[in-house]
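Here the structure comes first, spelled out in structure tokens, and everything after it is commentary.
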Amino acid sequence: MVIATLADGVARRVDSLGGRISETLFEPVIRLGVTGLARSGKTVFITSLVANLLDRGRMPGLVAQQEGRIEAAFLQPQPDMTVPRFDYETHLAALTAPEPHWPESTRMISELRLSLRVRPAGLLAGLQGPRTVHLDIVDYPGEWLLDLGLLDRSYRDWAQDTLSRLERRADARGFIERARAADPDAPHDEGLAQDLARRFTAYLASARDSGSYDCIPPGRFLLPGDLEGSPVLTFAPIPVVAPSRRGTLHREMERRYEAYKSRVIKPFFRDHFSRIDRQVVLVDALSAIHAGPRAMDDLDRAMASILSAFRPGRNAFLSQLWRGKRVERILFAATKADHLHHEQHDRLSAIMAALTRGARDRAQFAGAETAAMAIAALRATTEEVRPHAGRDLPCVRGRLLRDGRQAAFYPGDLPEDPARLLGPAREGAETWLDAEYEVMRFAPARLTLAPGDGPPHIRLDRAAQFLFGDRL
Ligand SMILES: Nc1nc2c(ncn2[C@@H]2O[C@H](COP(=O)(O)OP(=O)(O)OP(=O)(O)O)[C@@H](O)[C@H]2O)c(=O)[nH]1
Ligand SMILES: [Mg+2]
């Protein structure tokens, strides 16, 4: 145990030393983490960011571009041999096809290296030639960050807490009845263990598919990749009180839970998370607002636990890994802002800022610079003002996903004060009292891009400037 922790720390230090040496002698590398809950917009964000860095006509907010210092941008083989490559070409082809469509859901970690040839700014401009800066973009599910909280919890604590959370959910009844009927002290029965795990996973999947933001770890149950069917993913919470005894169902569940921590959670944090320099956390706040106060409250809680991963002091294992290094900048971005007329963008940013307020204060305390912003990685709408009942309504127009028709749409008035949403959500209100919000799903617009222009977006250049513009 102690040896493993020490080895982790040593590996990390050597690693960060390696990073520094190659940085000063050779070419700087920026590792940009892109995360968010399922469907928050990670794949579209990375695809559009890369396309807009390759063709930079729509990136005036990126200072190095504005100053004309970016000479070239190109994709390169990534340094990590065992991480799947982010399938940029396929995702871009989906978005730019004659009949454009959104890319497929991804749910695995992936990586892409984009390199930029940049001329230095200021005093160095005349003295140094252009240098190459590598941007390693890592896409990983936000649900995996929620697993960090399991590291310092026993199986018993996790099981008790999870069962009581599930008691409140009607669609978890099938699993709960089965779990409550299981005798933890009976001899281990593999068939029963598998049945429990299957039902537990089925509940997690149905909660996700119904758009619930109540994210219950372990995150890998819904995103198993090549671990599917293996014992580390074949456990579930069952009601236990006493310490486990040899050979029982309880002992086997506990063993697998512990294996999940050491074989799944720790390697992710050690090999991927701890190497990130800059991070963007994408949040589909508009969908949560549309779904009502309860979804908003769930999102609020999920954000708080996701963001606690960026507070190194919180967890002993993580503090070891982070030693001498930290995430330097974190951007909290409310995505899909093209569902709103720009008049309302500031309000969406304010909601985003309020949602991450506590976590942002803590991250700032730990030395990371943070910002909140409303963005659209791929703009699917145009703006339009329509008269309605004696009032001018600021609308957006686009092609509806469900039938391909063009339609103008008014999503409702976001409040100026985010507390009007977060207050009722935190107090457990069932519906918004004085307002209604809608979200329409638009298909990506058909694009005719001028040479040198990337896909249309909202503030993607400003997001890029915050995330890595200072290093160009
Ligand atoms: N209008 C609009 N919709 C967007 C935008 N970005 C994402 N979406 C919508 O959100 C959906 C999910 O986007 P993805 O980029 O696939 O999200 P993800 O986080 O990679 O999702 P998973 O891989 O399933 O976790 C898309 O299918 C679109 O419907 C955007 O900038 N504008
Ligand atoms: Mg994705």
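The values are calculated or read from the model by the stated rules, or taken from the named source; none is laboratory data. All values derive from a computational prediction rather than experimental measurement. Here the Cβ positions follow ideal geometry from the backbone for every residue, glycine too, while neighbour counts run over all protein chains shown. Remember, those area values only see protein heavy atoms, side chains included, never the ligands or the DNA or RNA. Shrake-Rupley method; radii C 1.70, N 1.55, O 1.52, S 1.80 Å.
Determine the sum of side-chain charges near C395: Lys and Arg each +1, Asp and Glu each -1, restricted to other residues whose C-beta is under 13 angstrom from that of C395.
The answer is -4.
What shape does the chain take by its C-alpha gyration tensor, where a ≥ b ≥ c are the square roots of the eigenvalues and a/c under 1.5 counts as rounded, a/b above b/c as prolate, and the rest as oblate?
It is oblate, given that a/c is not under 1.5 and a/b is not larger than b/c.
Mind checking which of F332, L299, W322 is farthest towards the positive end of region 297-339's charge dipole, using Cβ charges of +1 (Lys, Arg) and -1 (Asp, Glu) about the Cα centre?
Result: W322, furthest along the dipole toward the positive end.
Give me the aspartates and glutamates in straight-line cross-link reach of K42: C-alpha distance below 17 Å, same-chain residues under 8 apart excluded.
List returned: D87, E89, E104, E111, D136, D139, E143, D284, D338, D461.
Taking region 237-392 on its own, what percent of its Cα-Cα pair distances exceed 28 Å?
42
Add +1 for every Lys or Arg and -1 for every Asp or Glu among the other residues with Cβ under 14 Å from the Cβ of A288, and state the total.
Overall, the nearby charge balance is 0.
Which whole-number percentage describes the relative contact order of the chain, with Cα contacts under 8 Å and a sequence gap of 6 or more?
Relative contact order of the chain: 20 percent.
In deg cm²/dmol and to the nearest 500, what is the mean residue ellipticity at 222 nm of the chain if only DSSP H runs of at least 4 residues count, each as -39500 (n - 2.57), divided by the residue total?
-11500 deg cm²/dmol
What helices does the chain hold that run 20 Å or longer along their axis, going by alpha-carbon atoms, with a Kyte-Doolittle average of 0.0 or more, using DSSP H for the helix calls?
2-25
If Lys and Arg each add +1 and Asp and Glu each add -1, what is the summed charge of the other residues whose beta carbon sits under 15 Å from the beta carbon of M440?
My count for the surroundings of M440 gives +1.
Roughly what % of DSSP beta bridges within the chain run antiparallel, to the nearest 5?
Antiparallel bridges make up about 55 percent of those DSSP assigns within the chain.
Just reorder M81, M352 by solvent-accessible area, largest first, 1.4 Å probe, all chains present.
Largest accessible area first, the residues go M81, M352.
In debye, nearest 20, what is the charge dipole magnitude of the chain about its Cα centre with +1 on Lys and Arg Cβ and -1 on Asp and Glu Cβ, if you could check?
Dipole magnitude for the chain comes out near 980 debye.
When the Karplus curve 6.51 cos²θ - 1.76 cosθ + 1.60 is applied with θ = phi - 60°, which whole-Hz ³J(HN,Hα) does each residue of region 383-400 get, with x for Gly and Pro?
Values, residue by residue: 9, 7, 10, 10, x, 8, 6, x, 9, 8, 9, x, 10, 10, 10, x, 8, 5 Hz.
Sort M108, M440 by heavy-atom solvent-accessible area, probe 1.4 angstrom, most to least.
M108, M440
Out of the total accessible area of region 26-182 (probe 1.4 Å, heavy atoms of protein only), what percent is carbon and sulfur?
Summing carbon and sulfur atoms, their accessible area is 53 percent of the total for region 26-182.
Starting from the amide H of C395, placed 1.01 Å from N in the peptide plane, find each other amide H under 5 Å away whose residue is 5 or more places distant or on another chain.
Under 5 Å from the amide H of C395: E384, V385, R386.
Would you mind getting the accessible area per residue of the chain, heavy atoms of the protein chains only, 1.4 Å probe, in Å²?
45
Can you send over the carbon and sulfur percentage of the accessible area for region 297-361, probe radius 1.4 Å, protein chains only?
With neighbouring chains kept in place, the figure for region 297-361 is 44 percent.
Just how much of L223 is accessible, in Å², when a 1.4 Å probe is used and the result is rounded to the nearest 10?
Accessible area of L223: about 10 Å².
Name the long-range amide H neighbours of T370: under 5 Å, sequence gap of 5 or more, or other chain; modelled H, no Pro or chain starts.
Close amide H contacts, sequence-distant or interchain: I330.
How large a share of the accessible area of region 380-458, in percent, is made up of carbon and sulfur atoms when the probe is 1.4 Å and the other protein chains stay in place?
49
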